2 protein chains.
Amino acid sequence: MLRQKITPPEVASARPSSKGKLRIIPLGGLGEVGRNMTVLEYEGKIIIIDMGLGFPELDMPGIDFTIPNTKYLEDKKDKILGIFFTHGHYDHIGAVPYLIARIGNPPLFASPLTAAIIKKRQIDFPNSPKLNLKSIKEDDVIKVAPFEVSFFHVNHNIPDDYAIKVETPIGTIIYTSDFKFDPHPVNDKPTDLEQLKRFGDKGVLMLMEDSTGAEEEGHSTSEQTIKDNLEIIFKQSKGRIIAATFGSLLNRVQQLITLSEAYNRKVIIQGFTMKSNVEICKELGYIKSEKNTLIEAKEMHNYPDSRLTVIGTGAQGESNAFLMRYANGEHKEVQLKRGDTIIFSSSVVPGNERSVQALKDNLYKRGAHVFHYKMMDIHASGHGEREDLREMLRLLRPKFLMPTHGYLSMMARHAELGEEVLKMTKDDIALAENGQIVELTQDKITVTKNFVDSNIIMVDGLGVGDVSEIVLRDRQLMSADGMFVIIAVVDSQTGKVKGEPDIISRGFIYMKESKDLLYQTRKKIKETITKTVIPGTDINWPYIRNSLRDKIGKFLYVKTRRRPMILPVIVEI
Amino acid sequence: MLRQKITPPEVASARPSSKGKLRIIPLGGLGEVGRNMTVLEYEGKIIIIDMGLGFPELDMPGIDFTIPNTKYLEDKKDKILGIFFTHGHYDHIGAVPYLIARIGNPPLFASPLTAAIIKKRQIDFPNSPKLNLKSIKEDDVIKVAPFEVSFFHVNHNIPDDYAIKVETPIGTIIYTSDFKFDPHPVNDKPTDLEQLKRFGDKGVLMLMEDSTGAEEEGHSTSEQTIKDNLEIIFKQSKGRIIAATFGSLLNRVQQLITLSEAYNRKVIIQGFTMKSNVEICKELGYIKSEKNTLIEAKEMHNYPDSRLTVIGTGAQGESNAFLMRYANGEHKEVQLKRGDTIIFSSSVVPGNERSVQALKDNLYKRGAHVFHYKMMDIHASGHGEREDLREMLRLLRPKFLMPTHGYLSMMARHAELGEEVLKMTKDDIALAENGQIVELTQDKITVTKNFVDSNIIMVDGLGVGDVSEIVLRDRQLMSADGMFVIIAVVDSQTGKVKGEPDIISRGFIYMKESKDLLYQTRKKIKETITKTVIPGTDINWPYIRNSLRDKIGKFLYVKTRRRPMILPVIVEI
């Protein structure tokens, strides 16, 4: 029960403290969805919240993912008091194995499930140090002077999702991380609104809040609705149910298991991350199922189709995930059958629309029944929408607001809510960018003009940060128009081309059907070299190469309107 | 007024005719959005509906667009009686300059605006033949025995959008093309529902209907709503209004011009296609504006910001379009100012989400007010949604339904409506693929197992159809991990490598920072060649090259977990 009516914002109570400033440095997660990591620094002492992976942008072909830039922290290792994790999703924990050694392997604090996921992942990185990982409970208060950090429970779509409260010498900071308000969460208690109200009563200096849903009007859909809709599908499905979602959307997996039990279906989990996550959750008791519900794929033939549910990864159209292999008939144990009902229980991550469309079409083509989120509410975002954000603001009544997590457009629309709900002025709201230093005092929040090094770090295979802009640009060029290598053997005495120049081209034209063009190009190459060499002078090889790049590039453009990358090789003999 | 109540479906009246079969061959537009082209063939006589461009798929890097495959038609030139166009959008007319010569330059029939757009475009293709283009009016009946073709007006988002009615010896075929029902269209009359009802009364054998909106529940939004919402923005904007939409969304351009006049603003049109389209429309009277409303960009400085609207292209985040150049400060005449209000009056084409997001964020970052379709209804699709499709089915009561235009998932959901509204069986509905021959008689529609050649034709620069799967695969490989050319000069007598092998690599690693890896790789190259050559035998160069590809590929993978394309060049001397 609320102890008092929610009143308009009041000045946050200021704790006795030094007159220092709190620095907030977002190292990722602003102006993007993912790669969350935030530094809080007070008089040289540092705590960090989350350390996540990001998805490569469109102009990063071949890149596996991105991680935050920790340059700023690397000479402050001994000042880092700890890293605090909000939940076990990779965009919040995934950069740990790459970065932890760089910042001196500080202690990590996380809920039991989050800690277990971090720990399990570390096994794949034998060169990353043994972690100093502490599993904390909701009531724990971690004192790392001058900070006092505690956690409180919010709803998301993975169990053990915490928001973080940081007591600093200048006041209370609340970092929501991913959250939504759900009166009927899966296998979980709703957020304790009274507790939030009490925080508000005591005074919150600054709220750092998830912006991901800030462009969506209304309340996020309750998981109860999702359950009801999934149940409609379970009721009517006579064959197997194949449900795909994110490997980390563990609350949805729980829903599907519970429904399968209600409809007398055994459950097969497919997909590496999902399997691994479900195992961890089962061990810790976060996923509840009857003893014999989960079976292995090889046991499927013991049951009629009407008694089987397969839950797997791949709802984003990822090429190697379960659902794609199933749809393409490439999965060893689960192949598409007429009569299968396929449920896409996830939204489409921006950028994946066309892969998901192709996957859906492939399923339709092969005669499956498909249900996806456009047809009914069988997926709810884990992120609060505008009404949730308004509610959080009303409960906490922070003096200052710093929108986090999301594209700039989301953050900007989030900022509007601070003005609307709490009558904040623009000066009370910090719209910052990654790397930008934000300074907070009891009276003022300042988005400074100062940035720490925040160049994005790209991971590609074993390489961390070794792919440069030049490498990316070359990949883009070659993916558009291919490349064209010219190999000419030249007599270093006379400057004459010996024999015919060799040409190797890929991704430009189909060589076998372009004999005439290649013939003309060879002629042009010989001409160019001959014209460029001035008899009786030293041969200027770089000049010849440039000349070839230029002349042959133009020649091919005129002939084809394509600009392959031209690479001249001159072998002197 | 409807002459009689709409009754449940009745058997379509069959006209007196031969007992022949009508062949329907979709050459594009099924299982995709765009590239619309359909062949109707009766006893060897052929008519064609539309001839459009498609967008390249994700796995077609560097491709400009796709066009239908006309192989089937190329030995039937003298049988083609005409091509009938529904409207002037490029996904319906854009392939004309590429394909018209291949099929014998048959007569083209189009509404005045569509004809003008086709004609204007042809200017850019001096090698394409002079078109035999006939501008037709709504009441015209074109008799091309055994077909009689007429047009009727439907609403879309470009003026002069026609659906097509084809009388064939076996019955009436109606081809809606892109349409929606809108009681309040822009500058246009609503669709004549009574006329549709009369067609239904006379009997429609088969309806070929637009599936693009078939996954959206409800009625498409009326342009009246869009106008009302745009007006809210016009009312509150004090600075310039910068409105971006598709260059071909001419009804939206009209709305924005009309509103600008109401709010005393001059209008500047930006973007090549939009400018060209607006000029054509003005000439033909399809866009109405007062005499001095449209001004040139260079006259902008004569007016205060509050009296200016710029309408331009680029709402999809296209890199060279007006809005992107404006946002990046690269536009000569229109630069972003604080106080500008930017309206994204278009949906996001699937695949463009992340470019649009980046563009929006760039605008937010630079302090603009942004309005987009998620915030309010300031864009309506030109495609009927499920309620529109139901209405069309109720009015026309076709005996058979063939969903066209759209991904398979859209077509499949469209098919459900035939069952729902007209109690069709699955046998009454033809779900076909591009190239698949559909046969229609008075009693039966059959999706045969026979396909005509329907390999997609890709256009890349001047090349039409010359980019093969191999070229595309190479582009994809190089875009992911780059390429690695090895040049070794080998003594053909001894098989020994002379000097150090040369390496050229792009898109793989940053060469300057990978000296050690390159050193090791050179060593490995020399080793590999030495080991492969068997002294005293003829040197097997292809074997050596394969060996290098294999060994160096594996070596680099172990070192980097990347798989660049390896291209060994051996120069014998």
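The values are calculated or read from the model by the stated rules, or taken from the named source; none is laboratory data. Model, not experiment: these values are computed from the prediction. Neighbour counts are summed over all protein chains in view; Cβ atoms, including those assigned to glycine, are modelled from backbone coordinates with ideal geometry. Please note that ligands, DNA and RNA were not included when accessible areas were found on the heavy atoms of the full protein model with its side chains. Shrake-Rupley method; radii C 1.70, N 1.55, O 1.52, S 1.80 Å.
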Need one value: the accessible area of A:SER289 in square angstrom, 1.4 angstrom probe, rounded to the nearest 10. 30
Work out Dmax and Rg for region A:382-489 from the C-alpha atoms and quote the Rg first, both in angstrom. 21.7, 77
Taking Cα atoms, how many degrees apart are the long axis of helix B:386-396 and the longest axis of chain B, rounded to 10 and kept between 0 and 90? 50
Rg/Rh over Cα atoms for the protein assembly as shown, Kirkwood Rh, comes to 0.98
Taking the Cα atoms only, what angle lies between the long axis of helix A:272-284 and the longest principal axis of chain A, rounded to 10 degrees? 20
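Tally Lys and Arg at +1 and Asp and Glu at -1 over the other residues with C-beta under 12 Å from the C-beta of B:GLY34: what net charge comes out?
Summing Lys and Arg as +1 and Asp and Glu as -1 gives -4.
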If Lys and Arg each add +1 and Asp and Glu each add -1, what is the summed charge of the other residues whose beta carbon sits under 9 Å from the beta carbon of B:GLY44? +1
Using a 10 Å cut-off on Cβ atoms, rank the peptides A:22-32, A:533-543, A:136-146, B:191-201 from the highest mean neighbour count down. A:22-32, B:191-201, A:136-146, A:533-543
Mind checking the full-extension length gain between A:GLU299 and A:ASP64? Use 0.36 nm per residue of separation minus the Cα-Cα distance, one decimal, nm. 81.1 nm
Place a point 7 Å from Cα of A:ASP75 in the direction of its Cβ. Which residues in region A:441-478 have their backbone N less than 13 Å from it? A:453
Roughly how many Å is it from the Cα centre of region B:495-526 to that of region B:440-471, as a whole number? 45
Given points 7 Å out from each Cα along the Cα-Cβ axis, report the B:GLU513 to A:GLN520 separation in nanometres with one decimal. 4.2
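Report the gain in length on full extension from B:GLU148 to B:THR273: 0.36 nm times residue separation, minus Cα-Cα distance, nm rounded to one decimal.
Extending this stretch completely gives an extra 41.6 nm.
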Calculate for chain A the 222 nm mean residue ellipticity that helices alone would give, adding -39,500 (n - 2.57) per DSSP H run of length 4 or more and normalising by residue count, nearest 500 deg cm²/dmol. -9000 deg cm²/dmol
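In nm, what is the difference between 0.36 nm times the number of residues separating A:SER492 and A:THR446 and their Cα-Cα distance?
Values: separation 46, 0.36 × 46 = 16.56 nm, distance 6.54 nm.
So the extension gain works out to 10.0 nm.
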Points 7 angstrom from Cα along the Cβ direction at B:LYS288 and A:VAL141: gap in nanometres? 7.3
What whole number of Å gives the distance from the Cα centroid of region A:145-171 to the Cα centroid of region B:213-290? 49
Could you sort out which of B:LYS76/B:LYS449; A:LYS76/A:LYS134; A:LYS449/B:LYS360; B:LYS79/B:LYS134; B:LYS21/B:LYS423 sit more than 20 Å apart by Cα distance in this structure? B:LYS76/B:LYS449; A:LYS76/A:LYS134; A:LYS449/B:LYS360; B:LYS21/B:LYS423
Area buried, chain A against chain B - accessible surface, total, 1.4 angstrom probe, square angstrom: 5500
What whole-number value in cubic angstrom gives the convex hull volume per residue for the C-alpha atoms of chain B? 201
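Are there chymotrypsin sites (Phe, Trp or Tyr not before Pro) in region A:210-306 that DSSP puts in a loop and that have at most 13 other Cβ atoms within 10 Å, and which ones?
none
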To one decimal in nm, how far is A:LYS291 from the same spot in the other copies, if labels go 7 Å from Cα toward Cβ? Please give the shortest first. 9.3
Antiparallel as a % of all DSSP beta bridges within the protein assembly as shown, to the nearest 5? 50
Other protein chain Cβ atoms within 10 Å, averaged over every residue that makes up B:485-491: 3
Measuring from its Cα centre, region A:116-188 shows a charge dipole (+1 at each Lys and Arg Cβ, -1 at each Asp and Glu Cβ) which, in debye to the nearest 20, is 400
Considering Cα pairs under 8 angstrom that are at least six residues apart, work out the relative contact order of chain A and quote it in whole percent. 16
Using the Cα centre as the reference, give the magnitude of the dipole from point charges on the C-beta atoms of region B:469-572 (Lys, Arg: +1; Asp, Glu: -1; all else neutral), rounded to the nearest 20 debye. 420
Measuring with a 1.4 Å probe in the full set of protein chains, what accessible area per residue, in whole Å², belongs to region A:312-405? 33
Only counting protein heavy atoms at a 1.4 Å probe, give the residues of region B:386-411, ordered by number, whose accessible area falls by 30 Å² or more when the other protein chains are present relative to the chain alone. B:TYR407, B:LEU408, B:SER409
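For region A:156-195, rounded, prolate or oblate, judged on the Cα gyration tensor with a ≥ b ≥ c (square roots of eigenvalues), a/c < 1.5 rounded, else prolate if a/b > b/c?
Working: a/c = 3.26, a/b = 2.20, b/c = 1.48.
Cα axes put region A:156-195 in the prolate bin.
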Across peptide B:352-362, how many C-beta atoms of other chains are within 10 Å of each residue C-beta, on average? 6
Accessible area of region B:435-488 divided out per residue, in Å², using a probe of 1.4 angstrom: 39
Calculate how many DSSP beta bridges within chain A are antiparallel, expressed in % of all such bridges and rounded to the nearest 5. 50
Considering only protein heavy atoms and a probe of 1.4 Å, how much of the accessible area of the protein assembly as shown is carbon and sulfur, as a whole percent? 50
Give me the distance between the Cα centres of region B:32-70 and region B:76-98, rounded to whole Å. 10
Looking only at other chains, what is the average number of their beta-carbon atoms within 10 angstrom of each beta-carbon in B:561-571? 4
Of A:LYS45/A:LYS119; A:LYS180/A:LYS337; A:LYS119/A:LYS235, pairs whose Cα-Cα distance is over 28 Å: A:LYS180/A:LYS337; A:LYS119/A:LYS235
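Where Lys and Arg each count +1 and Asp and Glu each count -1, what net charge lies around B:VAL278 among other residues with Cβ under 13 Å from its Cβ?
Neighbourhood net charge equals +2.
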